[in-house]
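Everything below concerns the one structure shown next.
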Amino acid sequence: MSMLPQLRTRAPHLRTPRPPRRPLAVAPDPTSDHVVDCAIYVAGRRRPGICTPADIAAMRRTGDGFVWLGLHDPSEAELTELAERFDLHPLAVEDALSAEHQRPKLDRYEDTLFAVLKTVRYVHPDAPGGDVEVVESGEISVFVGRDFVITVRRGEPGGLRGLRRTLELDPERLALGPSAVLHAIMDRIVDDYLVVVESMQLDIDAVETAVFGGPGRSRRDAERIYVLKREVLELRRAVTPLAAPLRTLSERPIRLVHPEIREYFRDVEDHLARVTEQIGAFDELLTTIIQANLAQVTVEQNEDMRRISAWVAILAIPTAVAGVYGMNFSHMPELEWRYGYPLTLLVIAAICLTLYRGFRRNGWL
């Protein structure tokens, strides 16, 4: 049964006359393209049955409970119509439509909190033969009101189905209202940051070991190092800006945030600080590894140039002698001498052998 086509039913205090509009093609059915789940929570417990617009209107009229609507990659028309139903601020809706260009942030409007969060996961690349993991990112926009939570997810990372089920097992926490959902989402995202950081730590340790491995490893590992450096920078862009919103939620009283929940935001802020410190350490370590790798490449190139120079010097002797005797003049010494040819070859071999032994003794060969 389709739900959001019926969302024209609004609470009486929000109803305003308007011309007929096209129904919104979104439903709470799990097979829907956009609605992941929709439920009304009263006293922290999920109300059984289908979440209908009439139920939402009745709940908002009585102020008993809140609705949690989860969307995945909704269209502009769908999100705009939802904004009309729940009186979302136009600027927040605009940011939700272009979340991929937004930094993590928290905006406060008169009756709504709006948060943009970056989700990440560490996955192997699809490229054949790739052995370096990369950070895949997504976005979650969260609208929090007095009696509703709307989550808009874009990209594959950051699914909230498991989080919803976990929260439903803790009705006392859900009874604290929509701010409990916001805290749970932020907590889950920061926990995912910790998982990514741990995975990245393993790869950086492997790279650090490989850089100081056998001969020739520095060149083969250069691309891998730069990939990790790029992914650390991407992770930093996702993590660092979230510190200010968490500080605001944990330190400043906000009408839409339950006082008990504000204390839990402090714990999330501590975890984020740990992630930020590790990312900074990764960045410095990778910079050091890059410098060491470049130094090794330079040393290897110098060794190659010395080998080439040594062989050029050795081959220059027979080349010079052969060049002299190949000038085809009539009156040249030893041209008529019986032992001239073998003696010349012997002299060339002796000089080349002397040069070879000298270069080997000096480490050029």
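The values are calculated or read from the model by the stated rules, or taken from the named source; none is laboratory data. Keep in mind it's a predicted model, so treat the numbers as computed, not measured. When we count neighbours, we look across all protein chains shown, and the Cβ atoms used for this are built from the backbone with ideal geometry, even at glycine.
General observations
- Evaluation of Ala244 against the conditions (1) touching a Leu at 6+ places or on another chain (Cβ under 9 Å); (2) not in a helix (DSSP H, G or I) shows that the sole unmet condition is (2).
- Among the residues making up the range 53-68, those that are closer than 18 Å to Leu79 by Cα and of a type outside the set (Phe, Trp, Tyr) are Pro53, Ile56, Val67.
- Only one entry of Phe282, Phe265 meets the criterion of being assigned to a helix (DSSP H, G or I) and closer than 30 Å to Leu176 by Cβ, and that entry is Phe265.
- Positions within the range 161-194 being closer than 24 Å to Arg236 by Cβ and touching a Lys or Arg at 6+ places or on another chain (Cβ under 8 Å), in sequence order: Ile189, Asp192, Leu194
Yes or no, residue by residue, for (1) more than 30 Å from Asp205 (Cβ to Cβ); (2) assigned to a helix (DSSP H, G or I); (3) modelled with pLDDT of 70 or more; (4) not acidic (Asp, Glu):
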{"residue": "Ile289", "(1), (2), (3), (4)": "no, yes, yes, yes"}
{"residue": "Leu294", "(1), (2), (3), (4)": "no, yes, yes, yes"}
{"residue": "Val297", "(1), (2), (3), (4)": "no, yes, yes, yes"}
{"residue": "Glu300", "(1), (2), (3), (4)": "no, yes, yes, no"}
{"residue": "Met305", "(1), (2), (3), (4)": "yes, yes, yes, yes"}
{"residue": "Ala316", "(1), (2), (3), (4)": "yes, yes, yes, yes"}
{"residue": "Thr319", "(1), (2), (3), (4)": "yes, yes, yes, yes"}
{"residue": "Gly323", "(1), (2), (3), (4)": "yes, yes, yes, yes"}
{"residue": "Phe329", "(1), (2), (3), (4)": "yes, no, no, yes"}
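- Positions within the range 129-169 being modelled with pLDDT under 85 and closer than 25 Å to Ala57 by Cβ, in sequence order: Leu160
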